[in-house]
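> Handing you this structure, nothing more for now.
Since every read-out is calculated from the coordinates, none of them should be taken as a lab result. Please read all numbers here as calculations on a predicted model, not as lab measurements. Glycine gets a Cβ as well: all are built from the backbone with ideal geometry, and neighbour counts include every protein chain shown.
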Protein chains: 2
Amino acid sequence: MSTEPEGPSPAHLTPEEFRALGYRAIDWIADYMATVADRPVLSTVEPGEIRDGLPADPPTEPEPFDDVLADLDRVIMPGITHWQSPGFFGYFPANASGPAILGDLVSSGLGVQGMLWSTSPACTEVEQVMLDWLVRAAGLPDHFLSDGPGGGVIQDSASSASLCALVAARERAGGNELLDRLVAYVSSETHSSLEKGARVAGLRAGHLRVVPTDGEQRMDADELATMVAADQVAGLVPFFVCATAGSTSTTAFDPTEAICDVAEANDLWVHLDAAFAGSATVCPEYRWVIDGVDRVDSYCFNPHKWLLTNFDCSAFWVRDRATLLDALSILPEYLRNEASASGAVVDYRDWHVPMGRRFRSLKLWFVVRHYGIAGLQAHVRRHVAWAEWLADQVRTHPSLELAAPRTLSLVCLRHVDGDDRTRHMVDEVNRSGEAFLTHTVLDGRYVLRVAIGGTATTRSHVEELWDRLRVLADG
Amino acid sequence: MSTEPEGPSPAHLTPEEFRALGYRAIDWIADYMATVADRPVLSTVEPGEIRDGLPADPPTEPEPFDDVLADLDRVIMPGITHWQSPGFFGYFPANASGPAILGDLVSSGLGVQGMLWSTSPACTEVEQVMLDWLVRAAGLPDHFLSDGPGGGVIQDSASSASLCALVAARERAGGNELLDRLVAYVSSETHSSLEKGARVAGLRAGHLRVVPTDGEQRMDADELATMVAADQVAGLVPFFVCATAGSTSTTAFDPTEAICDVAEANDLWVHLDAAFAGSATVCPEYRWVIDGVDRVDSYCFNPHKWLLTNFDCSAFWVRDRATLLDALSILPEYLRNEASASGAVVDYRDWHVPMGRRFRSLKLWFVVRHYGIAGLQAHVRRHVAWAEWLADQVRTHPSLELAAPRTLSLVCLRHVDGDDRTRHMVDEVNRSGEAFLTHTVLDGRYVLRVAIGGTATTRSHVEELWDRLRVLADG
């Protein structure tokens, strides 16, 4: 084979070259961490501005790493809204943290695929143990443990978890042959991913029913029962209901126990979506937010939101894994192997849509060991305490009012003089560059949301935000 | 607020602490890169062995980073099958590379969410430009460019891309109301994710038809036409066909042009799946493998397989993005924003199932700039050349035969004395620890696959593998 090339590709990095460039990348991130608080939180670029800074064609020849890092600062950074800024109070937080970044880095370095147990046993078994750790840390029911009838898996997002719950529920209800008659139930406060999932899973238009909520955005379980009964009379097949613990708009909490009562009487699959709020259950005093979790068929929360673990890391459990596997298992010849055939192992590719999968549990392992459960609790507790303080300030301010109950670390408020004033407050805060807020609409009224939960956020950032809001409310 | 905690959580890393630990993590990876060739490629742990090495309960108190790294070596590494070993020839490769690892690291450090353009404009626009770069690099049709009617997006996997293609096709065909009558077509060599996707998308059992293949595992387009016609006569609605460029078993190539002829006459959506082989099209001489791509409705290939970009990075294009968006767009109030409402921007959350999304295009940007297109071409060409050489050796060996045509860098072979001998060769190579192979079955016969494409693989690794195979074949 004398005429063919011998070594790896041109520009292949030796371990020593990687080490040197790796230090540079780490330096870049450390410097970013040190300066992120001073950057305007919200990017103010116009549509197309970042694109225009990049060449239309890829380079033919290799370019120096220095140039890439320089362009990162020059071209890319103006288009970044800084989710890791201590002044980011928008949406829900997306907690990054040092140990999570480094756990994910090690995962990238290993570059293994965990589609089957046999393709890298540690990738599967560490994930099982980490999901078991979360069961212990959050006081979840034993049937979610990996050595029980159910088990947990890391999904990329709560949206994907919702889809898998719908698909498993559909399987239990009789499969795709029944699709024309299957009906699922959500409320207006349920996350939009359920509507998307229902569409993807093939439900007929209109077969995702919206159950009314009470004055505090909680699903009305009596209404659910009435709607289920009516659908049954009409010859339809109610099969699924999503209960939400901590809605996206206001962190409202559905009455999961009452919903389970209806579901059990009518053979509905209950999925409990605690995407944001679930992180709080590492604190025993907040476990009530998922009361009823021991009765649901599937449960999901996102450590990548509020538990210091970089996206993507959505933890999803099922009470009975057999149904999920029946729905999603396909075994082509090239994936057959002794370990899978023995039944002694879990092959996680059968637990979600994608086949390939990264070693995502490593970052969770790094996080839990670095902080300890006590550190995770302290992380949650201070955000809740600061939100409680902020809600108290709002409550006593003559021109402001709480728009929804403050339960965890989200404060929803509005100006008593109406939407324009509230909108003006959001716009002015965002324009300042020092903090970033998003909004929602409740009962037709515009609501300012303050979601406290950033990894780098301190008490003083909340106090500074309040100072600004107070002045804007008065002004 | 005097009684509440003030700073970030206990164990929060300062930028300087992060820098120091970050260097340690980089060192760990550099050392791993330097030693991976010496490690047995295939993990030999028993089911449960890794789990047993981890505590059943999470730690309450923080633990030192040193302990975590030590346990990584002691507890985790025995359970790793080394996909980045130069001796890994199993499945298809999952190319990691230095620049991809560092691009992903920077993405983790930034920790932004790209669900909407407005949540971090650079996350969306860099992705658009990178997908455009791949269009240029691979000679894909202009209608896939982001300023045309279609566009590209990074999905986590080709499986998810297949599901999105099915869902968009279903939308175009009339939506979920027609599901009972919708019929899709694949071949026995089509990736299993299409079967999974069809199930998830709600097709009826039996409504994913398997079109016969010819002697070289290519879908028979005449048979497709016959089956489509028969289904139409039966009152069903053929709506989707998947053509494969480079099948998983043997890198067989379906006749995409002929399939498009049938599809265009019958209004079928054509999805072209080139998950592995698509990377080769950065070389003009291999663009024929996706002949017909200018006629398909959607197209997918995985830079995370063979283009030096860490998982997950599956590139997916649609000819007409409106259909995809019609199928997947949901807009709740809390995501409404001026930029989206203006129509001037792309919101990628509407292009796939998950809502949250990482800044995955950064690693692609790092890769393409570090290697240049010339470097990517060289990477592909040497693997193909080595595979060609290996296939020549097999062809001239009296006890071995090629089980399928060698087109790119996959060589499929078997022992002339039957399955037991071939299986023995696979088992012995894997037992040696020096290389790792997987198998497939063709026409009922067991076939040994050699997939060449590892980032660190050199010519000598292929030669050593051949020496071993030759001896095993003779022995």
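> Take peptide B:322-331, look around each residue's Cβ out to 10 angstrom, count Cβ atoms belonging to other protein chains, and average those counts. Walk me through the numbers on the way to the answer.
Numbers: counts 0, 0, 0, 0, 0, 3, 3, 3, 10, 1.
Mean inter-chain Cβ contacts per residue within 10 Å come to 2.
> Evaluate the distance, in nm, between pseudo-label points positioned 7 Å from the Cα of A:S399 and of A:D222 along their respective Cα→Cβ axes.
About 4.1 nm separates the two model spin labels.
> How crowded by other chains is B:360-372, given as the mean number of beta carbons from other chains within 10 Å of each beta carbon? Provide the component values of the computation, followed by the final result.
Values: counts 0, 0, 3, 1, 1, 7, 6, 1, 5, 11, 11, 9, 8.
Partner Cβ neighbours, averaged per residue: 5.
> Once a ≥ b ≥ c are taken as the square roots of the eigenvalues of the Cα gyration tensor of chain B, is the result rounded (a/c under 1.5), prolate (a/b larger than b/c) or oblate (a/b not larger than b/c)?
Working: a/c = 1.76, a/b = 1.05, b/c = 1.68.
Oblate shape, in that a/c is at least 1.5 and b/c is the bigger or equal ratio.
> Next question, about the same structure. For labels at A:D71 and A:R136 in the simple 7 Å Cα→Cβ model, what's the distance in nm?
For A:D71 paired with A:R136, the spin-label model returns 4.8 nm.
> For segment B:185-200, just list the computed ³J(HN,Hα) in residue order, Karplus coefficients 6.51, -1.76 and 1.60, θ = phi - 60°, integers in Hz, with x standing in for Gly and Pro.
10, 9, 10, 5, 8, 5, 4, 4, 5, 5, 5, 4, x, 5, 5, 4
> Let me ask something else about it. With a sphere of radius 13 Å drawn around the Cβ of A:D294, what net charge do the other residues whose Cβ falls strictly inside it have (Lys, Arg +1; Asp, Glu -1)? Write down the numbers at each step before the final one.
Working: positive: A:R287, A:R295, A:R319; negative: A:D142, A:E257, A:E264, A:D291, A:D297.
Its environment carries a net charge of -2.
> List the extent of the Cα atoms of segment A:228-312 along each of their three principal axes, largest first, rounded to whole Å.
Projected onto the principal axes, the Cα atoms of segment A:228-312 cover 47, 26, 22 Å.
> Moving on. How high is the relative contact order of segment A:82-128? Use alpha-carbon pairs under 8 Å, at least six apart in sequence, and give a whole percent. Before the final figure, lay out each step's value.
Working: 20 pairs, mean separation 8.5, N = 47.
Dividing the mean separation by the residue count of segment A:82-128 yields 18 percent.
> Counting partner chain Cβ atoms within 10 Å of every residue's Cβ in B:393-406, what's the average? Let's see the in-between values first.
Values: counts 1, 0, 0, 0, 0, 0, 0, 0, 0, 0, 0, 0, 0, 0.
Mean number of neighbouring Cβ atoms from other chains: 0.
> Label A:E17 and B:A344 with points 7 Å out from Cα along Cα→Cβ: what is the distance between them in nm?
My value for the distance between the label points is 4.2 nm.
> Provide the net charge surrounding B:D73, with neighbours chosen by a C-beta distance below 12 Å and charges set as Lys +1, Arg +1, Asp -1, Glu -1. Mind showing how you got there, number by number?
On the way: positive: B:R39, B:R74; negative: B:D31, B:D66, B:D67, B:D71.
With Lys, Arg at +1 and Asp, Glu at -1, the net is -2.
> Next question. Could you work out the relative contact order of chain A, using alpha carbon pairs under 8 angstrom and six or more residues apart, expressed as a whole percent?
Values: 849 pairs, mean separation 101.6, N = 475.
After rounding, I find 21 percent.
> Right, something else. Would you calculate the volume per residue, in Å³, of the smallest convex hull containing every Cα atom of segment B:36-166? All intermediate terms of the calculation are to be shown ahead of the outcome.
Values: hull volume 27.8 nm³, N = 131.
Per-residue hull volume (Cα only) is 213 Å³.
> Can you give me the C-alpha center-to-center distance between segment A:232-285 and segment A:418-438, rounded to a whole angstrom?
33
> Still on this model: Taking one equal scatterer on every alpha-carbon of the protein assembly as shown, how large is log10 of I(q)/I(0) by Debye at q = 0.05 1/Å?
At q = 0.05 Å⁻¹ the computed log10 ratios are -0.27.
> Would you calculate, for chain A, the mean residue ellipticity at 222 nm contributed by helices, counting each DSSP H stretch of 4 or more residues as -39,500 (n - 2.57) and dividing by all residues, to the nearest 500? Can you show the working numbers first?
Working: 15 runs with 195 residues, N = 475.
Taken over chain A, the calculation gives -13000 deg cm²/dmol.
> While we're looking at this one, here's another question. How big is the Cα convex hull of segment B:92-142 in projection, averaged over all directions, in nm²?
On the way: hull surface 20.1 nm².
With the hull built on Cα positions only, its mean projection is 5.0 nm².
> Let me ask something else about it. Bin width 10 Å, alpha-carbon pairs only: give the P(r) of segment B:137-186 as whole percents, running from 0 to the bin holding the largest distance.
Reading the bins upward from 0: 20, 40, 33, 7, 0.
> Equivalent ellipsoid semi-axes for segment A:174-238, as square roots of 5 times the alpha carbon gyration tensor eigenvalues: give them largest first, rounded to whole Å.
Details: eigenvalues 88, 50, 9 Å².
Semi-axes (√(5λ), whole Å): 21, 16, 7.
> Suppose R0 equals 56 Å; then what is the FRET efficiency for A:E257 and B:D392 from their Cβ-Cβ distance, rounded to the nearest 0.05?
On the way: r = 70 Å, r/R0 = 1.24.
Once rounded, the FRET efficiency stands at 0.20.
> Here is a follow-up. So what is the relative contact order for segment A:112-358, in percent, with contacts set as C-alpha pairs under 8 Å and at least six apart? Numbers along the way, then the final one.
Working: 488 pairs, mean separation 66.6, N = 247.
Normalised by residue count, the contact order of segment A:112-358 is 27 percent.
> Any idea what % of Cα-Cα pairs in segment B:112-358 are farther than 32 Å? Don't skip to the end; give the middle numbers.
Values: 5486 of 30381 pairs.
That fraction is 18 percent.
> For segment B:27-101, what class follows from the C-alpha gyration tensor (a ≥ b ≥ c being the square roots of its eigenvalues): rounded when a/c is under 1.5, otherwise prolate if a/b is larger than b/c, else oblate? Please list the in-between numbers first.
Working: a/c = 2.39, a/b = 1.48, b/c = 1.61.
It is oblate, given that a/c is not under 1.5 and a/b is not larger than b/c.
> Sorting check: for B:160-169, B:446-455, which peptide has the highest mean count of neighbouring beta carbons within 10 Å, and how do the rest follow? Walk me through the numbers on the way to the answer.
Working: B:160-169: 27.7, B:446-455: 24.8.
Per-residue mean Cβ counts within 10 Å order the peptides as B:160-169, B:446-455.
> Starting from the Cα gyration tensor of segment B:367-474, take the square roots of the eigenvalues, sort them a ≥ b ≥ c, and report rounded, prolate or oblate (rounded when a/c is under 1.5, otherwise prolate if a/b is larger than b/c, else oblate). Could you put the intermediate results ahead of the total?
Values: a/c = 2.18, a/b = 1.89, b/c = 1.15.
Prolate shape, in that a/c is at least 1.5 and a/b is the bigger ratio.
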